[in-house]
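**Q** Let me give you the structure first, and then I'll get to my questions.
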């Protein structure tokens, strides 16, 4: 029954989108543009309006070189009225103010499957309200940070080996890492192309009080991560990712690190004789990637920031 309802809804959306595309006013708006109006409310994380924030808007006109910009500032209530002609494919709003991280947000009136109507030369809904969040710059500090694609390779497959977040490397004797913040198990038969059939990676935190929790990123903001770790939220200790290849490489099944989430990690935990946590380090992991290459080498890499000060939960990097 549920499948039938979903299928019916999808058919209705498809039919409606097709009808809009066939409408002459829509086709003309996509080619030559139509007027759009939006009321943008700019506020901080707590919902407090931000007056006099600088707003720069790129109005798409089908081909990017034909687009143009609109600039201005929010009023005393943190509102900016956006009004201009656009083909509806790209409206990019950039907002900035001293003391806040920049935010960039894209709006569309002609997104595949979500096309809007055009009435009297205006994109509908005309004058719709949208909210944009500017995140405060609070207390950024220097945090060791690793760039993407800095892989560390090992032949130690099908066994648990330690990984050092600070050094971004396997611990000795498999790398130059000194402290195992977590352990990695790379399950792979050692075969590379063209006989590669996939591999999987398991991660576990074994020390008392060690672990992580998932944080939903702030995708529009220049600063997407958390300001600080929340120790009471740390309860997960295991995770697994995999990639399987079928049909001579034509079909793949994957479970990789969720791009919409970060990990907030606690490790290097020290426990008192009575079993209480007295010291730990906190990190944020932005991404985890694994791969392999000829010669039986498997590669592993994380992108993230490590706070080297014990018990400091601050994860806002400069």
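**Q** Under 7 Å by Cβ, and 6 or more places apart or on different chains, what pairs join a residue from region 80-100 that is not assigned by TED's automatic domain parsing to the domain that holds residue 42 and modelled with pLDDT of 95 or more with one that is in a strand (DSSP E or B) and crowded, with 16+ Cβ neighbours inside 10 Å?
**A** Listed by first residue and then by second, the contacts come to nothing, as the list is empty.
**Q** Starting from residues that are farther than 17 Å from residue 37 by Cβ and assigned to a loop (DSSP other than H, G, I, E, B), keep the ones in region 53-66 and report whichever is modelled with the highest pLDDT.
**A** Narrowing region 53-66 to residues farther than 17 Å from residue 37 by Cβ: 53-54, 56, 62-66.
Cutting the leftovers down to assigned to a loop (DSSP other than H, G, I, E, B) gives us 53, 62-63.
Details: 53: 98, 62: 83, 63: 74.
For region 53-66, the residue satisfying everything is 53.
**Q** Within region 118-163, restricting attention to residues that are under 20 Å from residue 61 (Cβ atoms) and free of Cβ contacts under 8 Å to residues at least 24 places away in the same chain, which residue is surrounded by the most Cβ atoms within 10 Å (Cβ to Cβ)?
**A** 124
**Q** Next question. Can you name the strands (runs of 3 or more DSSP E) wholly within region 186-272 that have at least 1 residues being closer than 30 Å to residue 133 by Cα and in contact with a helix residue (DSSP H, G or I) (Cβ under 9 Å, 6 or more places away or on another chain)?
**A** 211-216, 261-271
**Q** Okay, next question. Considering only region 4-16, I want to know if a residue exists there that is more than 20 Å from residue 128 (Cα to Cα), assigned by TED's automatic domain parsing to the domain that holds residue 109 and either modelled with pLDDT of 95 or more or part of a helix (DSSP H, G or I) (or both).
**A** Checking region 4-16: not a single residue is more than 20 Å from residue 128 (Cα to Cα), assigned by TED's automatic domain parsing to the domain that holds residue 109 and either modelled with pLDDT of 95 or more or part of a helix (DSSP H, G or I) (or both).
**Q** For region 229-257, enumerate the residues that are within 19 Å of residue 198 (Cβ to Cβ) and under 20 Å from the mean Cα position of the chain (by Cα).
**A** Result: 239, 240, 241, 242, 254, 255, 256, 257.
**Q** A further question on this structure: Please specify each residue of region 298-316 satisfying the condition of being part of a strand (DSSP E or B) and buried (at least 17 other Cβ atoms within 10 Å of the Cβ).
**A** Those that are part of a strand (DSSP E or B) and buried (at least 17 other Cβ atoms within 10 Å of the Cβ): 298, 300, 301, 302, 303, 304, 305, 306, 314.
**Q** Which count do you get for residues in region 165-185 that are without any contact (Cβ under 8 Å) to a residue 12 or more places away in the chain and either touching a helix residue (DSSP H, G or I) at 6+ places or on another chain (Cβ under 9 Å) or not in a loop (DSSP other than H, G, I, E, B) (or both)?
**A** So the count comes out to 1.
**Q** From (1) at pLDDT 95 or above; (2) touching a strand residue (DSSP E or B) at 6+ places or on another chain (Cβ under 8 Å); (3) under 30 Å from residue 94 (Cβ atoms), pick out the condition that doesn't hold for residue 182.
**A** Status for residue 182: all satisfied but (3).
The values are calculated or read from the model by the stated rules, or taken from the named source; none is laboratory data. Remember, predicted model here, so these are calculated numbers, not experimental data. In this analysis, Cβ positions are derived from the backbone assuming ideal geometry, glycine residues included, and neighbour counts consider all displayed protein chains.
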